[in-house]
1. Give the residues of the range 48-76 that are of a type in the set (Asp, Glu) and open to solvent by less than 70 Å² (accessible area, probe 1.4 Å), sorted by residue number.
2. Taking the condition at pLDDT 95 or above, within 15 Å of the chain's Cα centre (by Cα) and either surrounded by fewer than 17 Cβ atoms within 10 Å (Cβ to Cβ) or not in a loop (DSSP other than H, G, I, E, B) (or both), does residue 79 pass?
3. Give me a count of the residues in the range 85-121 that are under 14 Å from residue 185 (Cα atoms) and of a type in the set (A, V, I, L, M, F, W, C).
4. Residue by residue through the range 24-46, note down the ones that are within 15 Å of the ligand (Cβ to nearest atom), open to solvent by 30 Å² or more (accessible area, probe 1.4 Å) and either in contact (Cβ under 8 Å) with a residue 24 or more places away in the chain or under 16 Å from the mean Cα position of the chain (by Cα) (or both).
5. Taking residue 142 and the conditions (1) touching a strand residue (DSSP E or B) at 6+ places or on another chain (Cβ under 9 Å); (2) open to solvent by 10 Å² or more (accessible area, probe 1.4 Å), which numbered condition does it fall short on, given that it satisfies the others?
6. Which condition number does residue 148 fail, the rest of (1) in a helix (DSSP H, G or I); (2) at positive phi being met?
7. Residues in the range 160-169 that are under 18 Å from residue 123 (Cα atoms), outside any helix (DSSP H, G or I) and acidic (Asp, Glu): how many?
Amino acid sequence: MNITNIAVLVSGRGSNLQSIIDNIENSTIPHASVQVVISDVDGTYALERAKEHDIEAVFVNQNKYDTKAGFETEILRILEAHDIGLVLLAGYMRVVGPTLLEPYKGRMINIHPALLPSFPGLHGQQQAFDHGVKVSGCTVHFVDDGVDTGPIIIQRCVTVLEDDTAEVLADRILEQEHKIFPEAVRLFVQGKLIIDGRKVRIAE
Ligand code: GRF
């Protein structure tokens with residue numbers, strides 16, 4: 001496995017994918033490359049973004065497989081064919097099962113739009129807004145077998161303003177996602193993240 005070979009799993013618009021590509025292209029993330037982008041949804045804008053940067057873009061259709069394990073075995077085959085050492089979940093809307101997780105434990109990173117462990121799962125920004133929090137934010141973490149429960153790498157706070165809507169708040173959180181996700185990827189590919197139980201130590 002080559003830790004500078006990155007795969008990105010997506011389901012939607014791919015703005016976080018774009019932030020990774022941009023930070024590789026401007027060398028903020030040095031010596032790394034996105035080798036393949038895999039979507040579980042056909043025709044996503046994220047796949048278009050990949051093609052625009054001459055990155056292989058693959059749609060894997062879960063409906064073609066009888067089981068989640070079958071679907072994930074196909075994704076695993078693609079990852080192994082590209083000698084992928086780091087898998088990023090960038091708006092990938094499925095819970096990763098053991099077939100995919102086990103080979104990539106400690107090598108799979110997710111971005112979540114809330115300050116974990118609060119508001120895991122879908123629509124983290126909306127959940128936080130509806131709860132009436134004064135501060136929300138985003139979290140980059142290693143993936144484990146729970147939903148948004150893995151060891152935390154970086155978090156960034158975003159203050160909730162009096163006149164915010166959930167959408168406006170989500171936009172400001174997204175701006176911070178586009179900063180901390182590439183930062184975590186840089187640290188990973190430079191070998192500076194050490195998982196120590198629940199804690200991630202940053203050797204910088
Ligand atoms: C982001 O808010 C991310 O935190 C969440 O899904 C959204 C994906 O957005 N996991 P994009 O596809 O990267 O634009």
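The values are calculated or read from the model by the stated rules, or taken from the named source; none is laboratory data. Bear in mind the structure is a predicted one, so any value in this text is a computation, not a measurement. Heads up, the Cβs are rebuilt from the backbone with ideal geometry, glycines too, and the neighbour counts pull from every protein chain shown. These area figures cover heavy atoms from the full protein model, side chains too; ligands, DNA and RNA do not enter into them. Shrake-Rupley method; radii C 1.70, N 1.55, O 1.52, S 1.80 Å.
1. Across the range 48-76, the qualifying residues are 72, 74.
2. So residue 79 does not fit the description; no.
3. Kept after step one, since they are under 14 Å from residue 185 (Cα atoms), are these residues of the range 85-121: 85-90, 106-111.
After this cut, where a residue has to be of a type in the set (A, V, I, L, M, F, W, C) as well, the list is 86-90, 108-109, 111.
Of the residues in the range 85-121, 8 are under 14 Å from residue 185 (Cα atoms) and of a type in the set (A, V, I, L, M, F, W, C).
4. 41, 45, listed by residue number.
5. Residue 142 satisfies every listed condition except (2).
6. Only one criterion is unmet by residue 148, namely (1).
7. 1
Let's see how each residue does on (1) more than 20 Å from residue 6 (Cα to Cα); (2) assigned to a strand (DSSP E or B); (3) without any contact (Cβ under 8 Å) to a residue 12 or more places away in the chain:
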{"position": "102", "(1), (2), (3)": "no, no, yes"}
{"position": "114", "(1), (2), (3)": "yes, no, no"}
{"position": "133", "(1), (2), (3)": "yes, no, no"}
{"position": "136", "(1), (2), (3)": "yes, yes, no"}
{"position": "158", "(1), (2), (3)": "yes, yes, no"}
{"position": "185", "(1), (2), (3)": "no, no, no"}
